[in-house]
Structures are given as structure tokens and as C-alpha cells.
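As C-alpha cells, the structure follows; a few thoughts come after it.
No value in this document is a laboratory result; all are computed from the given coordinates. Just so it is clear, the structure is predicted and the values come from calculations on it, not from any experiment. Using ideal geometry, Cβ is built from the backbone for each residue, glycine included, and neighbour counts are taken over all protein chains shown.
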Amino acid sequence: MVEILDSTLREGEQTPGVTFSVDEKLRIASMLDDFGVDHIEAGHPAVSPDIRRALKAIAGQGFRANVLAHSRALISDIDMALDCDVEWIGLFISVLDGRLKEHFRKDLRQVCDIVHDAVSYAKAHGLKVRYTPEDTLRSNFESVVAVSKAALDAGADRISVADTVGAALPSKIGPFVKDLKARTGAEINVHCHNDLGLALANSLAAMENGAVCIDSCVNGLGERAGITDLAELTVALKVHYGIDNGWKLEMLPELSEEVERCSGMKVASNAPIVGSNAFSHNAGLHVSAALKRPSFYEVVPAETVGRKRRFELDKFTGRDLVDSILDQNTISLNTSQKDHLMDLIKSREKGSFSLDEVLCTARGLGSGNFC
Ligand code: HCA
Ligand code: CU
């Protein structure tokens, strides 16, 4: 059992060029709740009035999912989150040596006190608290332990290990999470950026080593290269670990499309699960096998994740696909007509055929009238 926190409305809105309206956020939040995520991180209230409006509106929906506000470790930020009536707050401040000296001009002891005071204040006002020592993986481990203990002493419910710049490796984040848990007894959350394409692998390694909650965004949105993608994450959890928290995986395409529409960020055709090619087969051998048994070339059946299997028609197309198309459309061709159709398909050096084009050619061959 692992929980999912979706941060499309907070981290995702930090994607360069992406903003969501309050209405769009409400719609996406409602879809995420229906899909079955456990937490919705819905914004950082100190950023703008519309983010505060969205947080308040989402928190007022009575969703099954918890609503979390992102916040600096400042009383004024926490007050804004309280005004939005959220259940959870995610406080963050880094203890990276360089940041302490050059950015905050504070020592570790002072930051521990700031965290302790901020967590105490949030807890005294009834909030559940996650504390993140931002850029956790590149911070001194002993500093992370010290500040985590300060947060936990003040009542923090969770500590998040954030790979803020995507610098982690599965073989490093795993032991880090395990050791942090052993040293502090904390419930660990994990937040992995995808700068080196390792966000999913790092998230899974963290989970294997005891993390109880994984952050993700629809379409892998987020600062720079984004964070762990919700579709990849939930399907990997199901395929590899048999974890299925009642997620409506068949909603993944509509969630992706809605976020694509609202964010204006196009999903790549080769994106896992939700990309237009994710369940398309091309080479003759692949198609012939997938027609008999889709699992020969699919890690999860297209239908499980709300997708339709598609077969590309181009020079790679083999006889089995042509036969199946002819059968399905009750077109009967003799062997030499089929050979001719195959030759036509194979003769196109560049580009694909539409199904209509192949059907029209096949019907023409059958009747002697060409398109
Ligand atoms: C940020 C950085 C953050 C914070 C994560 C957290 C990160 O945008 O402020 O507060 O849990 O990657 O460290 O997203
Ligand atoms: Cu982040």
C-alpha cells in the first residue's frame, strides 16, 4: 500500500508557460479525486489571489482526497493556508550548506528553530503537516536528520525527501530513505524531479525502501523536466507490485487530455500510457503477434488504461494485418489481388496509409474499380 499525492495544481502550475484558471483547477481536482489519488496538492497560497481562491474552492468540495497547501516555513504563509481551510500543509525550507550560508544567511540551528516554530504553529491550528528539507538528496545527511527531528518534535506528520533537481539515482535514494526512516522514525514522502529521466525509478526505489507516499503530476508536469508522471507511476505500481488502490486507470487518457488542454503542453506521441503511440503496433511481426495475443507486445492491455490498440499501415505492414482488415470489412480478394495490395502498401517509401485509403484500394481491387 502506497499513497499518491498529485501535485499537478501546484508543481504542475510551476511548469514554465503553464497557468490554470480556478475553474480548470476545480475540474482537474474533481477528476483526480474520482481517479483515486489520496492527496491533492492544490497550490501555494502566498503566490497569488487566484491560487488562494482555487485552494479554498477545492478544499470546500468535500473530496475523498486530502487537500494540501504548499507553504514556506513562515507564519504569514501558514495563516493564508488556514484561511483556505485545507487539511494538510506542506512546509519547506532547505538545509543545503550553500543555501544556508549564501541564501538564507542562517546556520542549521536557526533553520531547525524556524522549522520547529512553523510546524508547532501549523499543528496548533489543526493542520496535518508535511515538512520538506528541499533538495534533500544533495544536503548533508546529518543536517537532514537534525531538521527532520526538529519538525517531528513539533508534531510533523511526514517528512518529504525531495530530489529537487533530479540528481538522485535509485541506488542512492533507496538507502537514503531507509536510513532517514531508521534515524528519525518518520513517515516518508518522496518527490522526484525528472531532469535525468529517473523520476519514476527513483520514486519506486524510495517506496521499496519505506516511503509511504509518492508525489506525481499528470503528464509529468513541473519545473524544468517535471516530476514523476501519474500515469507511469500508477501503472508501474500495478504491473510490478500488484498495487491497485482502486485507481480508475481507465481515466488516465481523459485526465491527460484535460491537463494537456488546460496547460497547453502537448503530450509526446511516444509518452508511456497516454501518448498516441503507446498502444500502436507497426512492424509486421509485432502486429501479427499482437493480433493473436496483445500481451506479446503490450506490458499492460490497452483496455486496462482506457486506450485502444492501433495498427499502423505503412511499408512495415504484414499480410496478417491486411487479412484481418479485409475480414473485418468483409472484403474478399483472391491471392493475386492481395499480393497486389501488399505491393502497393510496400511501395510507399515515406509515409503511412489511412485505413480508408487501404479499404478503398482493396474494394477497388475486388471490383476492378480503383480509387
Ligand atoms: C519548490 C521545490 C519543490 C518543493 C517540494 C516540497 C522541490 O517548487 O518549491 O515542498 O515538498 O522539488 O523541492 O517542488
Ligand atoms: Cu518539485
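Taking the listed residues Ile159, Ile114, the one that is within 16 Å of ligand 2 (Cβ to nearest atom) and either touching a residue at least 40 places away in the same chain (Cβ under 8 Å) or closer than 18 Å to Val212 by Cα (or both) is Ile159, with no other qualifying. Scanning segment 125-172 for residues that are part of a loop (DSSP other than H, G, I, E, B), of a type in the set (A, V, I, L, M) and within 16 Å of ligand 1 (Cβ to nearest atom) gives Leu127, Ala156, Val165, Ala167, Ala168.
Taking (1) under 22 Å from the mean Cα position of the chain (by Cα); (2) among the hydrophobic types (A, V, I, L, M, F, W, C); (3) farther than 18 Å from Thr132 by Cβ in turn, Leu82 satisfies each apart from (1).
The C-beta contact set for segment 204-221 (first residue in contact (Cβ under 8 Å) with a residue 24 or more places away in the chain and at positive phi, second residue part of a strand (DSSP E or B) and within 13 Å of ligand 1 (Cβ to nearest atom), distance under 9 angstrom, 6+ apart or interchain) comprises Gly210/Ile188; Gly220/Ile227.
For segment 198-226, which residues satisfy the criterion of being of a type in the set (Gly, Ala, Ser) and away from ligand 2 (no atom under 16 Å from the Cβ)?
Taking segment 198-226 as the starting set, the residues that turn out to be of a type in the set (Gly, Ala, Ser) are 199, 201, 203, 205-206, 210-211, 216, 220, 222, 225-226.
Ala201, Ala205, Gly210, listed by residue number.
In segment 1-27, the residues that are closer than 12 Å to Ala42 by Cβ reach residues that are within 16 Å of ligand 1 (Cβ to nearest atom) and of a type in the set (Val, Ile, Thr) with C-beta atoms within less than 6 angstrom, at least six apart or across chains, in these pairs: Asp6/Val37; Asp6/Ile40; Thr8/Val218; Glu11/Ile227. Would you say Ala150 is farther than 26 Å from Glu257 by Cα, within 14 Å of ligand 2 (Cβ to nearest atom), crowded, with 20+ Cβ neighbours inside 10 Å and in contact (Cβ under 8 Å) with a residue 12 or more places away in the chain? It is false that Ala150 is farther than 26 Å from Glu257 by Cα, within 14 Å of ligand 2 (Cβ to nearest atom), crowded, with 20+ Cβ neighbours inside 10 Å and in contact (Cβ under 8 Å) with a residue 12 or more places away in the chain. Of the residues making up segment 202-242, just one is touching a strand residue (DSSP E or B) at 6+ places or on another chain (Cβ under 8 Å), of a type in the set (Ser, Thr, Tyr) and more than 13 Å from ligand 1 (Cβ to nearest atom), namely Thr234.
Summed over segment 171-180, the residues that are under 13 Å from Ala211 (Cα atoms) and surrounded by fewer than 19 Cβ atoms within 10 Å (Cβ to Cβ) give a count of 3. The set of residues in segment 1-49 being within 12 Å of ligand 1 (Cβ to nearest atom), in a helix (DSSP H, G or I) and under 14 Å from the mean Cα position of the chain (by Cα) consists of Gly12, Glu13.
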